[in-house]
1. Kindly indicate whether Y410 is at pLDDT 85 or above, in contact with a Lys or Arg (Cβ under 6 Å, 6 or more places away or on another chain) and either surrounded by 16 or more Cβ atoms within 10 Å (Cβ to Cβ) or in a helix (DSSP H, G or I) (or both).
2. Contact list please: Cβ distance under 9 Å, first residue in the stretch 19-30 and modelled with pLDDT of 85 or more and open to solvent by 20 Å² or more (accessible area, probe 1.4 Å), second residue part of a loop (DSSP other than H, G, I, E, B) and polar (S, T, N, Q), pairs at least six apart or on different chains.
3. I want to confirm something. Restricting to the stretch 250-266 and keeping residues that are crowded, with 17+ Cβ neighbours inside 10 Å and not aliphatic (A, V, I, L, M), which single residue is farthest from P413 (Cα to Cα)?
4. L65 fails exactly one of the following numbered conditions: (1) over 22 Å from P144 (Cα atoms); (2) open to solvent by less than 20 Å² (accessible area, probe 1.4 Å); (3) at pLDDT 85 or above; (4) not aromatic (F, W, Y). What is the number of that condition?
5. Return yes or no: is D428 at pLDDT 80 or above and under 27 Å from I368 (Cβ atoms)?
6. Do you know which residues across the stretch 32-88 are part of a loop (DSSP other than H, G, I, E, B) and touching a Gly at 6+ places or on another chain (Cβ under 8 Å)?
7. Is it fair to say V158 is free of Cβ contacts under 8 Å to residues at least 40 places away in the same chain, part of a strand (DSSP E or B), within 22 Å of F77 (Cα to Cα) and not hydroxyl-bearing (S, T, Y)?
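The values are calculated or read from the model by the stated rules, or taken from the named source; none is laboratory data. Values in this document were obtained by computation on a predicted structure and should not be read as measured data. No Cβ is skipped: glycine too gets one built from the backbone with ideal geometry, and neighbour counts run over all protein chains shown. Only protein heavy atoms, including side chains, enter the accessible area calculation; ligands, DNA and RNA are left aside. Shrake-Rupley method; radii C 1.70, N 1.55, O 1.52, S 1.80 Å.
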Amino acid sequence: MQQRSMFESEDSQPLAARMRPRTLDEFAGQTHLLGEGKVLRRLIESDKIGSMIFWGPPGVGKTTLARIIAGRTKAEFIDFSAVTSGIKEIRAVMERAERGRLFGAKTILFVDEIHRFNKAQQDAFLPFVERGSIILIGATTENPSFEVNGALLSRCKVFVLQALKTEEIAALLRRALADERGFGGRVDIEDELITAIANFANGDARSALTTLEMAVLNGQVQGERTLVTRETIEQCISKKSLLYDKTGEEHYNLISALHKSMRNSDPDAAVYWLARMLEAGEDPLYIARRVTRFAAEDVGLADPRALEVAVAAYQACHWIGMPECTVHLTEAVVYLSLAPKSNALYVAYGRARKDALTMLAEPVPLVIRNAPTKLMRELDYGKGYQYAHDTAEKLTDMQCLPDSLSGREYYTPTQEGAEAKFSARLQDIKAWKRARLREAHPPRGKGSAPQGGAQRDTGVQAGQTKGDTQDAPPAEGK
């Protein structure tokens, strides 16, 4: 447990540390968890805390909330850091907690940044959590679904802490200005400047208090009072430092927001999310790769140029880099946002993939097998193969799918944009194949023959039609 040095005064601490809430009533935000009658507040007030994980962005009160719990609980509270502790330290603390349990004592172990522990370190907690030797409270900025072992996660209740609202941070700043732990009412600052600091903090109370402290320290001292001007605030917040973990959840949240904004044909939102990522330091090539994927997945043949624009943007990012390539990515993002949308190619591959994974042993039809050796030719490899370029229509009626997949249809074009032309072309191909099949298998006469002929015609039609469909539209598109 951390202790303060006897030579350390409270005034020497940063403002954020001095203003750390001591009670639930002082705690800012998280009313969905800590409002009157809410579940977490009831658990804390009744001293019935179980193992839990606080998940939320920086500066929303995860550690502070744990300290408030420590102040109210009848259990021993141990503050444990994942940054400075290893297996040895974990075992020592666990043995201490186990001895306490044997004498009826309760131990709350608070682990800050629990996502920094590896699997072995997290596993070390399990038996003690199961036996009730400790009540584990973890804090993390990362999604615990990915960063906390499933076995440990299943034994903890996850509480999601949200970024603070601007008005909540503004209220916190006003309290810091008035409270004796803060500036004791000795600072003059316009209310709109307080709001500006609160907006700049982007939901992070610690960041807001640090900015306010910097502004006051650089303010104009006038006797016993300090004046904070607009110019001082502008100097303190002229360059926002964006917190962005390229491997964390926010990374995937933002790229998802970009993708879905383009899909929803909203260029303004798409450009905003693009700027959020680039200004936070995201690799432009990563964004360009995702944009290229989008061009085929969500636009496809509705606008064949979409892929060209996306690939060109990727090449521009590769050649010239940041910050010049921002405009190239913007061009691609806006183009894709406004392009007609079709996911027919995405759906087609998904259908084919399902069959490919469940029917792995289907033989390639002999007619479309290559026959480079005499033995292969004797086994009828390539027998009956028709070279499409030798025909006037550049089409044949060969079956290219395995017999077991005869009749399967994977690509179903939409009527969006240019894909309507591909759809028409596909219908022409199907009609031509049906006509060829009727010529090759005319009705045999009256009675049962037409029925059998019709059955044969229908079965072959589906296979023949779809067999050539897979290749024909792309060839025409090129």
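1. Yes; evaluated as a whole, the condition is true for this residue.
2. none
3. Among residues in the stretch 250-266 that are crowded, with 17+ Cβ neighbours inside 10 Å and not aliphatic (A, V, I, L, M), the one farthest from P413 (Cα to Cα) is E250.
4. Evaluating L65 over (1) over 22 Å from P144 (Cα atoms); (2) open to solvent by less than 20 Å² (accessible area, probe 1.4 Å); (3) at pLDDT 85 or above; (4) not aromatic (F, W, Y) leaves (1) as the failure.
5. Here the answer is yes, as D428 does meet what is asked.
6. Matches in the stretch 32-88: P57, G59, V60, G61.
7. No: the conditions fail for V158.
So that you can scan it fast, the table gives a plain yes or no per residue for (1) in contact with a His (Cβ under 9 Å, 6 or more places away or on another chain); (2) hydroxyl-bearing (S, T, Y); (3) modelled with pLDDT under 90:
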site: E231; (1), (2), (3): no, no, yes
site: K239; (1), (2), (3): no, no, yes
site: A275; (1), (2), (3): no, no, no
site: E282; (1), (2), (3): yes, no, yes
